[in-house]
Amino acid sequence: MALQAATLFPSTRCISKENKGIAIKETSLFGAALPAGIKAEFSPSLYKELRKKVSNGAIRAQTAATAPAVNQASSEAKKTLRKGCVVITGASSGLGLAAAKSLAETGKWHVIMACRNFLKAEQAAKSLGIAKENYTVMHLDLASLDSVRQFVETFRRSEMPLDALVCNAAVYLPTAKEPTFTAEGFELSVGTNHLGHFLLARLLLDDFKKSDFPQKRLIIVGSITGNTNTLAGNVPPKANLGDLRGLAGGLNGVGSSSMIDGSDFDGAKAYKDSKVCNMLTMQEFHRRYHEETGISFASLYPGCIAETGLFRNHIPLFRILFPPFQKYITKGYVSEKEAGDRLAQVVSDPSLSKSGVYWSWNSTSASFENQLSKEASDAEKARKLWEVSEKLVGLA
Ligand code: NDP
Ligand code: PMR
């Protein structure tokens, strides 16, 4: 259970490939607790190495050696044409991993893979052939708010800029009969998919403000299944946040319900509700911060990536039948690679810079601004969700 895992092994790791074996603020090693009193030392050289990864990748202005006026312009260009630095949560598999690869191989992005399983993320990056100078794995367990705060600290100490953040990680527990909980006692799906990301994104806003990148973006992955204005969104159980009474009560299944709307626990509904929260949060960020910060906030449905780890807890028959069902019947299927390229577009394509948008793709893979359901675009609900979430994660 996340509660136990997060309490027993509150580790924060940030290890560049060149510095394998060096751990920062580490109280656990690959999930196994170190003996009391033995803690790996923070290594300043590690952070120097990390900074180099971004600055070495700076795209040099072509006009650097011409007349002074041009030189001045080119130094401005140098400032903004450096490699971008993007944090992607849950980049150890599926969509996040595919997007990490897509962005890293452009040579224009350094990807911080923010993952709960350090070894898995390293191996995934290696097996996809992502060049070591283009990524760094940092430990982040969204099911623990302490871990979220530790991640932010570690990221800040790396002194890498924050140019884009992708809130991608998620859990889906469709067969669970009883709720499980995060370290702070929130139902696991909403706690991880929404509350963990809410705290992360809120804390990292300050880091965004320091970035000189020309197009800063904060992306929260949504889904069609949270939108009841679609066929997929009408497959029971349907998403419904109600009046947020369960969330306001702490989502802990003790004093209050473990479901946002106060109903009995249903794992599939909890996931869909969490996706509604993701899409509402993106819009509330846009309303509160787009003008002030220039950050573009966006959400997306990348298509049905029917073979990812998201369905690991579903019954075996579902996992066999779901991909052909999506390929040949709904025609909503996309490969991990295609979905990763779509997410990478939302991170970096200048034509997808509009803020407050929920992106989707049509059958010819052209992007378009999609309509959200009534609930997923309810501004009053978004405001209330923001305020209740702030209280739960300790920001208000
Ligand atoms: P995967 O299961 O492949 O990826 C989910 C990622 O989230 C994994 O890397 C997983 O880590 C990580 N994760 C889970 N819990 C935590 C946690 N507590 N802390 C940190 N990371 C965590 O699924 P997908 O790639 O399909 O899902 C990615 C996103 O895409 C999700 O937001 C999902 O809602 C969305 N989506 C997916 C669709 C699909 O058809 N698959 C359709 C629409 C949206 P680990 O590897 O350690 O398990
Ligand atoms: Mg769906 C155009 C129709 C369409 C699309 C695009 C999806 C996507 N689904 C569609 C239709 C249907 N689904 C229909 C008609 C059915 C009833 C047979 C159906 C069933 C179904 C199940 C049982 N679908 C599912 C499940 C899941 O467990 C998945 C889920 O809800 O995960 C939360 C799922 C999905 N269908 C999708 C997509 C993208 C998913 C999963 C991923 C997600 O929303 O994040």
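Scan (1) under 21 Å from the mean Cα position of the chain (by Cα); (2) charged (D, E, K, R); (3) within 13 Å of ligand 2 (Cβ to nearest atom) for the single condition residue 390 breaks and write down its number.
Only one criterion in (1) under 21 Å from the mean Cα position of the chain (by Cα); (2) charged (D, E, K, R); (3) within 13 Å of ligand 2 (Cβ to nearest atom) is unmet by residue 390, namely (3).
Cβ-Cβ distance below 6 Å, separation of 6 or more or different chains: which pairs start in the range 207-227 with a residue that is farther than 14 Å from residue 289 by Cα and within 13 Å of ligand 2 (Cβ to nearest atom) and end on one that is assigned to a loop (DSSP other than H, G, I, E, B) and among the polar types (S, T, N, Q)?
These pairs meet every condition: 221/168; 224/230; 227/373.
Yes/no per residue for (1) among the hydroxyl-bearing types (Ser, Thr, Tyr); (2) more than 15 Å from ligand 1 (Cβ to nearest atom):
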{"position": "328", "(1), (2)": "yes, yes"}
{"position": "335", "(1), (2)": "yes, no"}
{"position": "343", "(1), (2)": "no, no"}
{"position": "347", "(1), (2)": "no, no"}
{"position": "352", "(1), (2)": "no, yes"}
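Please find, among 357, 347, the residue that is among the hydrophobic types (A, V, I, L, M, F, W, C), within 16 Å of the chain's Cα centre (by Cα) and either within 13 Å of ligand 2 (Cβ to nearest atom) or modelled with pLDDT of 95 or more (or both).
Answer to the selection: 347.
For the subset of the range 285-309 comprising residues that are open to solvent by less than 10 Å² (accessible area, probe 1.4 Å) and more than 16 Å from ligand 2 (Cβ to nearest atom), which member is nearest to residue 213 (Cα to Cα)?
Step by step, filter the range 285-309, then rank; the result is 295.
If you check residue 299 against the conditions, is it within 12 Å of ligand 1 (Cβ to nearest atom) and under 23 Å from residue 104 (Cβ atoms)?
In short, yes.
Could you tell me which numbered condition residue 281 fails, if it satisfies all but one of (1) closer than 30 Å to residue 177 by Cβ; (2) more than 18 Å from the chain's Cα centre (by Cα); (3) more than 12 Å from ligand 1 (Cβ to nearest atom)?
Among (1) closer than 30 Å to residue 177 by Cβ; (2) more than 18 Å from the chain's Cα centre (by Cα); (3) more than 12 Å from ligand 1 (Cβ to nearest atom), residue 281 violates only (2).
Out of 240, 227, which single residue is crowded, with 20+ Cβ neighbours inside 10 Å and among the polar types (S, T, N, Q)? Give the steps one after another, and end with the answer.
Details: 240 fails: crowded, with 20+ Cβ neighbours inside 10 Å.
Going through 240, 227 in turn, the sole match is 227.
Between a first residue in the range 244-258 that is farther than 18 Å from residue 386 by Cα and open to solvent by 40 Å² or more (accessible area, probe 1.4 Å) and a second residue that is of a type in the set (Gly, Ala, Ser) and at pLDDT 95 or above, which pairs have beta carbons less than 7 Å apart while being 6 or more apart in sequence or on different chains?
Sorted first by the residue in the range 244-258, then by its partner, the pairs are 252/185; 252/258; 255/249.
Which of the residues that make up the range 106-144 are buried (at least 24 other Cβ atoms within 10 Å of the Cβ) and among the acidic types (Asp, Glu)?
141, the sole residue that qualifies.
Could you please tell me which pairs satisfy a Cβ distance under 6 Å, a separation of 6+ or placement on different chains, a first residue in the range 133-160 that is free of Cβ contacts under 8 Å to residues at least 60 places away in the same chain, and a second residue that is part of a loop (DSSP other than H, G, I, E, B)?
Listed pairs, sorted by first residue: 142/169.
Residue by residue through the range 154-183, note down the ones that are part of a helix (DSSP H, G or I) and hydroxyl-bearing (Ser, Thr, Tyr).
Selection gives 154, 158.
If we keep just the residues of the range 259-275 that are out of contact with any Pro (no Cβ under 9 Å at 6 or more places or on another chain) and closer than 21 Å to residue 222 by Cα, which is surrounded by the fewest Cβ atoms within 10 Å (Cβ to Cβ)?
The qualifying residue surrounded by the fewest Cβ atoms within 10 Å (Cβ to Cβ) is 261.
State whether one or more residues within the range 184-191 are within 21 Å of residue 226 (Cα to Cα) and either more than 17 Å from the chain's Cα centre (by Cα) or assigned to a loop (DSSP other than H, G, I, E, B) (or both).
So far as the range 184-191 goes, yes, one or more of its residues are within 21 Å of residue 226 (Cα to Cα) and either more than 17 Å from the chain's Cα centre (by Cα) or assigned to a loop (DSSP other than H, G, I, E, B) (or both).
The values are calculated or read from the model by the stated rules, or taken from the named source; none is laboratory data. All figures in this text were calculated on a predicted structure; none of them were measured in a lab. As a convention, Cβ positions derive from the backbone with ideal geometry for all residues, glycine included, and neighbour counts pool all protein chains shown. Quick note on the areas: whole protein, heavy atoms, side chains included, nothing else; ligands and nucleic acids left out. Shrake-Rupley method; radii C 1.70, N 1.55, O 1.52, S 1.80 Å.
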